[in-house]
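For reference, the structure discussed in these notes is given below.
The values are calculated or read from the model by the stated rules, or taken from the named source; none is laboratory data. No experiment lies behind these values; they were computed from the predicted model shown. Note that each Cβ is placed from the backbone with ideal geometry, even for glycine, and that neighbours are counted across all protein chains shown.
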């Protein structure tokens with residue numbers, strides 16, 4: 001069984017109850033095709049980068065699941081037929097590093113924090129060093 005991530009953007013015109021029902025129907029679709037769902041991340045309503053079908057916002061859901069590769073075609077076919085979905089993206093994780101990242105995402109852990117920017121104390125010192133040379137050039 002391979003590791004997959006499915007990002008789904010649902011129309012924002014659905015009521016909260018209808019959005020939950022849509023999430024449940026997508027979960028049922030995956031399970032019907034033999035998927036083991038690790039977790040579902042509800043990201044909520046977010047602004048889209050560009051309008052899709054005259055919608056500026058979309059309700060986002062991310063499913064982390066494992067399934068046999070033979071079932072993917074049927075899952076994608078059913079997703080294409082669903083009129084309440086604005087977009088969907090299915091990502092397969094194959095390499096060991098990718099699968100390790102999938103495990104972190106599926107368990108809800110955040111990625112390692114990035115390196116911090118230079119401290120605020122260091123930045124003014126660099127500006128002070130440049131300031132005298134600029135003043136002497138003006139005189």
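Just to be sure before I move on: is residue 74 outside any strand (DSSP E or B), surrounded by 10 or more Cβ atoms within 10 Å (Cβ to Cβ) and either modelled with pLDDT under 95 or out of contact with any helix residue (DSSP H, G or I) (no Cβ under 6 Å at 6 or more places or on another chain) (or both) in the structure I sent?
Working: outside any strand (DSSP E or B): yes; surrounded by 10 or more Cβ atoms within 10 Å (Cβ to Cβ): yes; either modelled with pLDDT under 95 or out of contact with any helix residue (DSSP H, G or I) (no Cβ under 6 Å at 6 or more places or on another chain) (or both): yes.
Here the answer is yes, as residue 74 does meet what is asked.
I'm trying to understand the selection: among the residues of the stretch 61-77, which are within 15 Å of residue 27 (Cβ to Cβ) and within 22 Å of the chain's Cα centre (by Cα)? It would help to see each step written out before you state the result.
Step one: list which residues in the stretch 61-77 are within 15 Å of residue 27 (Cβ to Cβ), which gives 61-67, 71, 75.
Hits for the stretch 61-77 are 61, 62, 63, 64, 65, 66, 67, 75.
For the stretch 1-25, name all the residues that are under 15 Å from residue 83 (Cα atoms) and touching a helix residue (DSSP H, G or I) at 6+ places or on another chain (Cβ under 8 Å). It would help to see each step written out before you state the result.
Filtering the stretch 1-25 down to residues under 15 Å from residue 83 (Cα atoms) leaves 8-14, 18-19, 21-23, 25.
The answer is 8, 10, 14.
Could you please find all residues in the stretch 15-69 being touching a strand residue (DSSP E or B) at 6+ places or on another chain (Cβ under 7 Å) and in a loop (DSSP other than H, G, I, E, B)?
33, 34, 35, 53
With the requirement that a residue be exposed (fewer than 13 other Cβ atoms within 10 Å of the Cβ) and touching a residue at least 60 places away in the same chain (Cβ under 8 Å), what does the stretch 1-32 give you?
Matches in the stretch 1-32: 1 only.
Does any residue of the stretch 49-60 turn out to be surrounded by 13 or more Cβ atoms within 10 Å (Cβ to Cβ) and in contact with a helix residue (DSSP H, G or I) (Cβ under 6 Å, 6 or more places away or on another chain)?
First pass over the stretch 49-60, keeping only residues surrounded by 13 or more Cβ atoms within 10 Å (Cβ to Cβ): 52, 55, 57-60.
Adding the requirement that they be in contact with a helix residue (DSSP H, G or I) (Cβ under 6 Å, 6 or more places away or on another chain) leaves 59.
There is at least one residue in the stretch 49-60 that is surrounded by 13 or more Cβ atoms within 10 Å (Cβ to Cβ) and in contact with a helix residue (DSSP H, G or I) (Cβ under 6 Å, 6 or more places away or on another chain).
Being in contact with a strand residue (DSSP E or B) (Cβ under 8 Å, 6 or more places away or on another chain), surrounded by 11 or more Cβ atoms within 10 Å (Cβ to Cβ) and modelled with pLDDT under 90 narrows it down to one of 86, 105, so name that one. Let's see the steps before the verdict.
Details: 86 fails: modelled with pLDDT under 90.
Being in contact with a strand residue (DSSP E or B) (Cβ under 8 Å, 6 or more places away or on another chain), surrounded by 11 or more Cβ atoms within 10 Å (Cβ to Cβ) and modelled with pLDDT under 90 holds for just one of 86, 105, which is 105.
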